[in-house]
Amino acid sequence: PPLEAIINLNDFEEAFTKFGTKKANAYISGASNDLLTLNANKSYWQKLWFRPRVMRNVSAINTEMNMLGCKVKMPAYICPMGIAKVAGPEGETALAAGAATAGIIHCTSVTASYGLDEILASAPNNPFFYQLYVDKQRHKSEEILRKLETHKQIKALFITVDLAVVSKREADERIRTQEAGLSVYLAGQQNKVDKKGGGLARTTGSFIDWALSWDDLAWVRKHTKLPIVVKGIQSAVDAKLAMQMGCQGIVVSNHGGRALDNAPATILTLLEMRRDCPEVFDKLEVFIDGGVRRGSDILKAVCLGARGVGVGRPFQCSVMYNKEGVEQCAEILQDELETAMRLCGVTDLENARGDLSYLNTSEIE
Ligand code: FNR
């Protein structure tokens with residue numbers, strides 16, 4: 001479909017199922033085992049209801065937010081996602097350039113299909129976040145951290161911790177072909193077909209260090225001055241640990257349902273944190289991703305205390321329309337967010353952060 005026909009984020013994912021190859025679709029839209037967490041992420045956002053306030057003069061509103069020292073136009077960033085070239089030739093350069101136009105941030109993945117210099121150069125005036133999987137060969141990660149120090153555009157380091165081993169992605173395993181362009185060289189691994197199948201995620205993810213532990217945050221700290229954000233927190237206990245271990249932020253995430261299946265919908269974890277460790281929201285910058293598909297979801301997350309949300313698959317799919325697609329994806333979110341704020345009687349997002357009076361959570365509590 002032409003870009004004009006795309007009016008919400010689900011449209012991007014649907015368009016990609018028609019346009020993308022089977023393997024690219026399996027890799028992007030796929031998740032673990034029975035897809036229970038994938039589906040729950042989405043459906044739980046829909047069980048949060050607003051308590052709208054009316055007659056509040058919503059002619060002027062402010063959607064800006066401060067995230068990890070960066071002022072952004074709205075509190076949504078593009079999640080780190082591997083090999084964006086599978087969605088379109090511009091890959092991460094489209095994500096970076098589109099984010100810049102929209103005034104938001106792209107968190108670029110260590111498993112990107114473009115080199116870091118090229119990605120940063122495609123949005124030379126925009127800040128970035130950088131996501132790292134710690135390598136079994138620690139010296140490789142240390143080298144990357146050293147290199148990051150020289151790139152002034154990078155403002156925070158996300159360490160992904162929810163994928164100690166690559167999970168069972170059945171759609172990805174079932175397609176055993178090695179399509180041209182998909183088996184890109186990644187972290188020393190080539191996409192292979194073996195007895196378990198043809199899983200692109202699995203065969204390229206074996207470098208991830210499953211021995212990683214909380215004590216290693218001190219090692220990360222020793223090698224970077226950047227704010228450290230632990231991505232993949234799935235319980236209030238771990239949120240509290242992250243705070244005690246001195247990182248600057250967390251992402252409540254289950255990897256978009258691509259890690260442990262039956263891990264809780266991320267919004268459930270956020271609610272558990274409000275109940276069991278509300279202090280974390282004051283001490284750390286709390287982000288959430290997984291199933292965010294509407295601007296109104298951004299408003300919900302902020303009212304629950306989050307500083308921002310990550311949006312994954314819709315942006316990855318929008319790359320099929322190049323930079324213009326990414327821009328449109330962000331524009332739709334911005335427009336939906338503004339509409340939801342006006343209809344809810346919220347004029348300033350920063351003021352609404354943590355204000356539960358706008359939400360009715362009874363359906364899931
Ligand atoms: C991911 N995700 C991911 N996360 C990460 O920390 N490093 C990575 O390299 C990747 N790669 C990746 C590839 C693809 C194709 C997808 C869809 C996802 C997870 C991602 O950052 C995020 O947590 C989820 O995508 C959020 O869920 P939604 O918005 O896709 O539902």
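Each reported figure results from applying straightforward, stated rules to the coordinates on display, with no laboratory input. The shown structure was predicted, so the numbers you read here are calculated from the model rather than taken from an experiment. For neighbour counting, all protein chains shown are included, and Cβ atoms are generated from backbone atoms with ideal geometry for every residue, glycine included.
So which residues in the range 207-225 are within 16 Å of the ligand (Cβ to nearest atom) and in a loop (DSSP other than H, G, I, E, B), if there are any at all? Give the steps one after another, and end with the answer.
Initially, the range 207-225 is screened for residues within 16 Å of the ligand (Cβ to nearest atom), giving 207-210, 212, 220.
Across the range 207-225, the qualifying residues are PHE207, ASP209, TRP210, LEU212.
Considering the range 17-55, and only residues there that are within 11 Å of the ligand (Cβ to nearest atom) and aromatic (Phe, Trp, Tyr), the residue that is farthest from VAL346 (Cα to Cα) turns out to be TYR27.
Whenever a residue of the range 300-315 is under 16 Å from ALA340 (Cβ atoms), its partners that are near the ligand (Cβ under 7 Å from one of its atoms) and among the hydrophobic types (A, V, I, L, M, F, W, C), lying with C-beta atoms within less than 8 angstrom and at least six residues away or across chains, give the pairs ALA301/VAL292; VAL309/VAL292; VAL311/CYS79; VAL311/VAL292.
What about GLN46, is it of a type outside the set (Ser, Thr, Tyr) and touching a Phe, Trp or Tyr at 6+ places or on another chain (Cβ under 9 Å)? I'd like the intermediate steps shown before the answer.
On the way: of a type outside the set (Ser, Thr, Tyr): yes; touching a Phe, Trp or Tyr at 6+ places or on another chain (Cβ under 9 Å): no.
So GLN46 fails the test.
Would the range 302-311 turn up any residue that is closer than 22 Å to GLN153 by Cα and in contact with a Cys (Cβ under 8 Å, 6 or more places away or on another chain)?
Just the residues of the range 302-311 that are closer than 22 Å to GLN153 by Cα, to begin with: 307-311.
From what's left, in contact with a Cys (Cβ under 8 Å, 6 or more places away or on another chain): 310-311.
There is at least one residue in the range 302-311 that is closer than 22 Å to GLN153 by Cα and in contact with a Cys (Cβ under 8 Å, 6 or more places away or on another chain).
Of everything in the range 238-271 that is more than 17 Å from the chain's Cα centre (by Cα) and of a type in the set (D, E, K, R), the residue that is nearest to the ligand (Cβ to nearest atom) is ASP261. Close contacts from the range 1-14, counting a first residue that is within 10 Å of GLN328 (Cβ to Cβ) and a second that is surrounded by fewer than 16 Cβ atoms within 10 Å (Cβ to Cβ) and not polar (S, T, N, Q), with Cβ to Cβ under 7 Å and a gap of 6+ residues or different chains, come to LEU3/GLU324.
Go through ILE119, ILE104, ILE83 for me and flag whichever is buried (at least 22 other Cβ atoms within 10 Å of the Cβ), within 16 Å of the ligand (Cβ to nearest atom) and without any contact (Cβ under 8 Å) to a residue 40 or more places away in the chain.
Working: ILE104 fails: without any contact (Cβ under 8 Å) to a residue 40 or more places away in the chain; ILE83 fails: without any contact (Cβ under 8 Å) to a residue 40 or more places away in the chain.
So the residue among ILE119, ILE104, ILE83 that is buried (at least 22 other Cβ atoms within 10 Å of the Cβ), within 16 Å of the ligand (Cβ to nearest atom) and without any contact (Cβ under 8 Å) to a residue 40 or more places away in the chain is ILE119.
Inside the range 286-306, can you point out the residues that are crowded, with 22+ Cβ neighbours inside 10 Å, more than 12 Å from the chain's Cα centre (by Cα), over 22 Å from SER29 (Cβ atoms) and of a type outside the set (A, V, I, L, M)? Result: LYS300, CYS303.
Every residue in the range 287-311 that is more than 13 Å from VAL251 (Cα to Cα) and within 13 Å of the ligand (Cβ to nearest atom), please.
Restricting attention to the range 287-311, the residues satisfying the condition of being more than 13 Å from VAL251 (Cα to Cα) are 291-300, 302-304.
Once the filter is applied, which keeps residues that are more than 13 Å from VAL251 (Cα to Cα) and within 13 Å of the ligand (Cβ to nearest atom), the range 287-311 yields GLY291, VAL292, ARG293, ARG294, ASP297, ILE298.
What number of residues within the range 72-97 satisfy the criterion of being in a helix (DSSP H, G or I), of a type in the set (A, V, I, L, M) and within 13 Å of TYR130 (Cα to Cα)?
If we filter the range 72-97 for residues that are in a helix (DSSP H, G or I), which is where we start, we get 84-86, 91-97.
Add one more test, that the residue is of a type in the set (A, V, I, L, M), and what stays is 84, 86, 94-97.
Retained after the next criterion (residues that are within 13 Å of TYR130 (Cα to Cα)): 96.
Qualifying residue count for the region: 1.
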